[in-house]
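Below is one structure, written out as structure tokens; the observations come after it.
The values are calculated or read from the model by the stated rules, or taken from the named source; none is laboratory data. What you see is a predicted model; the values in this text were computed from it and never measured. Because the Cβ atoms are built from the backbone with ideal geometry, glycine has one as well, and the counts that use them run over all protein chains shown. Quick note on the areas: whole protein, heavy atoms, side chains included, nothing else; ligands and nucleic acids left out. Shrake-Rupley method; radii C 1.70, N 1.55, O 1.52, S 1.80 Å.
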Amino acid sequence: MTSTRRAELVDRIWERDPTVWTGGDEAKWLGWLDEPHRMRERVPELEGFAEGVVDEVDDVVLLGMGGSSLAPEVLRRSFRVEAVHVLDTTHPLAIRRLEGELNLDRTLFVAASKSGTTLETRSHLDYFWQRLKEPSRFAAITDPGSALEQLGHDRGFRAVFAGEPTIGGRYSALSAFGMVPAALMGVDLDRLLRNAEKMVEACRREDGNPGFVLGRQFGTGWEEGRDKICIPDTDGGFGLWAEQLIAESTGKQGKGLIPAPGESPDGPDRQAADVHLKDPYMLGGEFFRWEFAVAVAGVYLGINPFDQPDVQAAKDKTNEVLQQRREPELEPESSIDELLAQTREGDYVCVQAFIEPTSLNDRRIADLVAKLRRRTGLVVTHGYGPRYLHSTGQLHKGGPNTGLFLQVVDDPGEELPIPGRDFGFRRLIRAQAAGDFSSLKERGRRVARVHLEEV
């Protein structure tokens with residue numbers, strides 16, 4: 001790309017010109033370009049809220065999915081804050097285990113959902129509200145006018161924080177969805193956002209623009225067939241956040257970049273992506289650099305990086321299963337051997353684990369990933385369900401048909417009722433597994449299902 005075209009592309013992004021991508025509704029979703037500055041102005045509000053609860057609560061539980069949970073999870077791990085918990089699973093055993101670890105009277109529950117209608121988040125909120133019903137122990141982060149905003153006001157929540165409607169969930173790390181949890185972790189927001197603002201200015205430059213350079217690398221690599229983005233492991237799990245940003249932004253119209261946290265960049269279909277995190281406060285700049293980079297990569301792919309046309313598919317399938325009013329059986333289907341026999345050059349393997357997220361199961365999935373990698377020589381990605389449905393699910397269904405999908409399920413234990421619903425968490429997570437499996441099959445994806453004890 002010539003320097004003239006490079007400068008023009010950067011200028012057009014900052015001018016909010018949707019024709020730099022597809023000429024669709026992209027201009028409506030570029031609020032993230034200004035969000036670090038807006039959030040700096042809200043620092044006193046957020047830190048004042050955090051200071052006001054510090055003597056009253058021992059634990060904070062964030063109830064959120066996808067864009068509302070992944071940045072807080074990376075911040076929590078990076079700053080090593082054990083008193084903040086991110087609940088983004090519907091597995092009954094995990095919910096019971098977390099509840100058993102908490103003194104509910106000294107716990108603050110923060111429900112985070114841009115739409116205000118996210119099924120998992122609203123189910124979590126209804127569950128813990130029934131347990132506690134103390135408004136001062138609840139807060140919400142949601143876009144103005146949402147049902148969650150109204151609920152928070154009606155119930156008298158301690159606070160309801162407004163999100164920025166011109167920012168999509170995966171671009172919301174530096175908005176209230178990331179910064180309210182960060183404040184509750186005791187993070188110095190001013191320092192974090194100063195790093196972000198420095199990166200904002202750097203991403204305006206014609207030369208030495210770090211966001212453009214990374215995005216051009218992603219885009220030119222994709223043009224050359226190197227569509228696997230190998231993200232190095234970090235102490236804070238940066239790849240958890242980055243994989244949603246990449247997968248949901250680019251995985252559509254049969255195209256896509258495949259994020260591969262922890263995978264080796266050695267291979268003809270792979271490229272390395274550096275993460276610059278000498279200290280956790282550099283996350284402010286790194287969040288923005290990667291956001292800008294993925295917006296630039298979208299130009300090369302010729303797609304709208306800000307929509308997610310296939311995410312609804314799994315939700316619709318889940319609802320279809322739930323409406324059958326019986327629990328899906330989730331019997332094994334095909335096998336690992338049969339799945340891997342369908343391997344083609346340039347493929348990747350994806351483990352979709354609808355199991356209880358524990359340290360033991362982390363190791364079991366890591367062992368499975370290592371075995372699959374040795375057997376195939378392919379990139380192997382993995383994620384817990386239903387978390388990945390809000391992260392990489394768009395890529396799995398809307399991206400290239402190069403994935404081999406292995407669903408792993410377990411016994412979720414006894415049913416755990418959800419107040420106001422005719423189903424509980426057990427039936428919900430099994431419906432989510434069944435719904436996504438069906439959705440993948442409908443799209444001609446190569447899939448298999450096994451039980452955890454078989455791997």
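What about ARG131, is it free of Cβ contacts under 8 Å to residues at least 60 places away in the same chain and either open to solvent by 10 Å² or more (accessible area, probe 1.4 Å) or closer than 19 Å to SER69 by Cα (or both)? Step through it out loud before you land on a result.
On the way: free of Cβ contacts under 8 Å to residues at least 60 places away in the same chain: yes; either open to solvent by 10 Å² or more (accessible area, probe 1.4 Å) or closer than 19 Å to SER69 by Cα (or both): yes.
Criteria met by ARG131.
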Checklist outcome for this item: Exactly one of ARG122, ARG96, ARG170 is within 16 Å of the chain's Cα centre (by Cα) and either under 26 Å from ASN319 (Cα atoms) or buried (at least 21 other Cβ atoms within 10 Å of the Cβ) (or both), and that residue is ARG170
Item to check | Qualifying residues in the stretch 322-342 (those that are assigned to a helix (DSSP H, G or I) and farther than 13 Å from LEU372 by Cβ) - the one least open to solvent (accessible area, probe 1.4 Å) | outcome: LEU322
Item to check | Of residues in the stretch 200-239 being within 16 Å of the chain's Cα centre (by Cα) and in contact (Cβ under 8 Å) with a residue 60 or more places away in the chain, the one nearest to GLU82 (Cα to Cα) | outcome: GLY236
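Within the stretch 240-266, take every residue that is under 22 Å from THR22 (Cα atoms) and in a loop (DSSP other than H, G, I, E, B) and give me the one that is nearest to the chain's Cα centre (by Cα). Show your work before the answer.
At the first step, the residues of the stretch 240-266 found to be under 22 Å from THR22 (Cα atoms) are 244-258.
Restricting the remaining residues to those that are in a loop (DSSP other than H, G, I, E, B) gives 251, 253-254, 256-257.
On the way: GLY251: 14, GLN253: 20, GLY254: 21, GLY256: 16, LEU257: 15 Å.
Going through the qualifying residues, I end up with GLY251.
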Checklist entry - Do you know which of the residues in the stretch 134-153 that are more than 22 Å from the chain's Cα centre (by Cα) and closer than 22 Å to GLU99 by Cα is most open to solvent (accessible area, probe 1.4 Å)? => result GLU134
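Quick grid of which residues meet (1) farther than 30 Å from GLU120 by Cα; (2) not in a loop (DSSP other than H, G, I, E, B):
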site	(1), (2)
GLU8	yes, yes
ASP11	yes, yes
GLY23	yes, no
PHE49	no, yes
VAL57	no, no
VAL60	no, yes
VAL74	no, yes
Next on the checklist: Within the stretch 350-455, considering only strands (runs of 3 or more DSSP E) that don't extend past its boundaries, which have at least 3 residues that are within 22 Å of the chain's Cα centre (by Cα) and in contact (Cβ under 8 Å) with a residue 60 or more places away in the chain?
Outcome noted: 379-384, 403-409
Item to check | Which numbered condition PRO44 misses (of (1) closer than 16 Å to MET179 by Cβ; (2) part of a helix (DSSP H, G or I); (3) in contact (Cβ under 8 Å) with a residue 60 or more places away in the chain; (4) open to solvent by 20 Å² or more (accessible area, probe 1.4 Å)) | outcome: (3)
Item to check | Residue list for the stretch 103-118, restricted to those being among the aliphatic types (A, V, I, L, M) and open to solvent by 40 Å² or more (accessible area, probe 1.4 Å) | outcome: none
Next on the checklist: Condition first: touching a helix residue (DSSP H, G or I) at 6+ places or on another chain (Cβ under 8 Å) and either among the basic types (Lys, Arg) or over 24 Å from THR220 (Cβ atoms) (or both). Now tell me which residues in the stretch 292-315 satisfy that.
Outcome noted: GLN308, PRO309, ASP310, VAL311, ALA313, ALA314, LYS315
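Look through the stretch 198-239, keep the residues that are part of a helix (DSSP H, G or I) and of a type in the set (Gly, Ala, Ser), and return whichever of them is surrounded by the most Cβ atoms within 10 Å (Cβ to Cβ).
Quick first cut of the stretch 198-239, residues part of a helix (DSSP H, G or I) only: 198-202, 210-223, 238-239.
If we keep only those that are of a type in the set (Gly, Ala, Ser) too, we end up with 202, 211, 215, 219, 221, 239.
Numbers: ALA202: 17, GLY211: 25, GLY215: 28, GLY219: 22, GLY221: 21, GLY239: 24.
Per the stated criteria, the residue is GLY215.
Output the residues belonging to the stretch 343-364 that are open to solvent by 50 Å² or more (accessible area, probe 1.4 Å) and either in contact with a Pro (Cβ under 6 Å, 6 or more places away or on another chain) or not hydrophobic (A, V, I, L, M, F, W, C) (or both). Talk me through it step by step, then tell me what you get.
Taking the stretch 343-364 as the starting set, the residues that turn out to be open to solvent by 50 Å² or more (accessible area, probe 1.4 Å) are 343-345, 359-360, 362-364.
Passing the criteria: THR343, ARG344, GLU345, SER359, ASP362, ARG363, ARG364.
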Next on the checklist: Checking the condition small (Gly, Ala, Ser) and more than 23 Å from PRO232 (Cβ to Cβ), which residue from SER439, SER391 passes?
Outcome noted: SER439
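Just wondering, is there one or more residues in the stretch 177-189 that are of a type in the set (Asp, Glu) and surrounded by 16 or more Cβ atoms within 10 Å (Cβ to Cβ)? Before you say what the answer is, go through the steps one by one.
Residues of the stretch 177-189 that are of a type in the set (Asp, Glu), as a first pass: 188.
Pick out the ones that are also surrounded by 16 or more Cβ atoms within 10 Å (Cβ to Cβ) and you get none.
No, the stretch 177-189 contains no residue that is of a type in the set (Asp, Glu) and surrounded by 16 or more Cβ atoms within 10 Å (Cβ to Cβ).
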Checklist entry - Looking at this structure, is GLY298 free of Cβ contacts under 8 Å to residues at least 40 places away in the same chain, buried (at least 24 other Cβ atoms within 10 Å of the Cβ) and either in contact with an Asp or Glu (Cβ under 9 Å, 6 or more places away or on another chain) or of a type in the set (A, V, I, L, M, F, W, C) (or both)? => result no
